[in-house]
Amino acid sequence: MKNTELKGYMTILAVLLSLFTFYQMIAHQLFYDDLKRDYISSWGEITARLVEQNPENEAEIMKVLTSHSSDSSEYQEKGRELFRQYGLYEDLESELFPHLNKHIFSHNQLIFGGLICFGFLLFGTGYRQYKIVFHQIRQLTSAAKKIIDGDYSVVINENKEGDLAKLAASFRSMKDIIRKSMQDLLEEKEFLAQMLQDISHQLKTPLSTISIYNETMLNAELPRQQQVQLLQNNEAQIARMNVLIQNLLKVAKIDARAISFEKEPANLVETMEEVLDRLASMISDKHMSIEWDAPEEIVVVHDKLWMQEALLNLLKNAIEHSKPSNKIMIQAKDTPIYTELVIQDFGEGIATEELSHIFDRFYKARDSKKHDSAGIGLALVKAIIEAHHALIKVESEKNRYTKFTITFMKF
């Protein structure tokens, strides 16, 4: 029986029933003992009187009393006739037999008393069991009301096994799930509010610039060359806003777990080489060199397109913060425990006090030479890397180097 509460209650009932049965056996045994004593006393008196008057009939009398008489039927009928003469019949009520009635009355008292005691025990046991059950139900009800009111500090303890313990455990799990869901909703609300604030702040400057340029072109007669220049500036601002919005949407989707990464074993070296091909013209324009040190194949479970997005941002960031003709080192190392990918440039570098903030959304170094940066690229990189259950760290010295290390754990 899996229901331990019911099992315990049935065990108590079985014990009580056994005790009551044992009590009934004792009561009946006492009743029989009283009957035997009364039988011996009454017939002993009769026998003594008869033997005193007729000593020669002692043997016959004892045969009758011990059921060894050969002609007992004849005398039994004569005895009945004699009793009828005195008004004693077999159909008479037991109350008219004083000795027998006394024993029956005592026996009935014992039986009735036992029934009363058993009833009280049964009632008390049932009341105690149901009191425990309903007390626990009231506790759960009170706890549920507190949870509805937003109080998640309520604790339901049930140390015993059984269905009530399972109910309490399920209730605790439900409470944790509700609390986690409410916390997630609050975080999503804060995240949405922060996201809207960030987008508003980042779009304010380019929109103001576009508005000023448009107003200038509408309210003044400008030469064609200046008009073209203003339109080109507007186009650059629009392109900047487009990149910003796209990156913001990507980060927001990753943070909101709205993207399902299609991770599969793939060659990380090939993924990196495709990124280098896409940035080949940018590398060539700055006359930079790439030192690419990696084996032919390193298999890592990753989403190729999204990983290329992260690596593209890292490598583009390295190129933009390096001087022309500088070099960029890329190394890939595979071990039985982890796979490591390193991208290092020898450009501006990052101040020590700013290293802990570079992955923050919209953070820009105070002396960064990239004035049109929105500060979203590295935040996107970190979100993608962590979505692959990998680690990314940065090391840097001002005006010397910056090194990003991505570590993919295999266990």
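For region 283-357, the Cα-based Rg and Dmax, in that order, read 14.0, 39 Å. Taking each DSSP H run with n ≥ 4 as -39500 (n - 2.57) and averaging over every residue of the chain yields -22000 deg cm²/dmol at 222 nm. Each peptide among 21-32, 236-247 gets the average number of other Cβ atoms lying within 10 Å of its residues, and from highest to lowest they stand as 236-247, 21-32. When the Gaussian network model of the chain links Cα atoms closer than 10 Å, the mean-square fluctuations of Glu45, Glu264, Glu297 top out at Glu45. For helix 377-387, report the angle its Cα long axis makes with the longest principal axis of the Cα atoms of the chain; keep it between 0 and 90° and round to the nearest 10°. Result, in degrees: 30. Looking at region 377-409, the trypsin sites (Lys or Arg not before Pro) that sit in a DSSP loop and have at most 15 other Cβ atoms within 10 Å of their own Cβ are Lys398, Arg400. When peptides 298-307, 333-342 are sorted by average Cβ neighbour count within 10 Å, with the highest value leading, the order is 298-307, 333-342.
A value for Rg and Dmax of the Cα atoms in Å was derived from the coordinates, and within the list (1) 23.2, 80; (2) 50.3, 166; (3) 20.1, 60 it appears as (2).
Cβ-Cβ distance of Asn399 and Ala239, R₀ of 35 Å, FRET efficiency by 1/(1 + (r/R0)^6): the value works out to about 0.70.
Of the GluC sites (Glu not before Pro) found in region 227-290, those in coil by DSSP whose Cβ has at most 15 other Cβ atoms within 10 Å are Glu262.
FYI, it's all coordinate maths here, none of it is from the lab. Just so it is clear, the model here is predicted, and its values are computed rather than measured. Cβ sites come from the backbone with ideal geometry, for glycine too, and all protein chains shown count toward neighbours.
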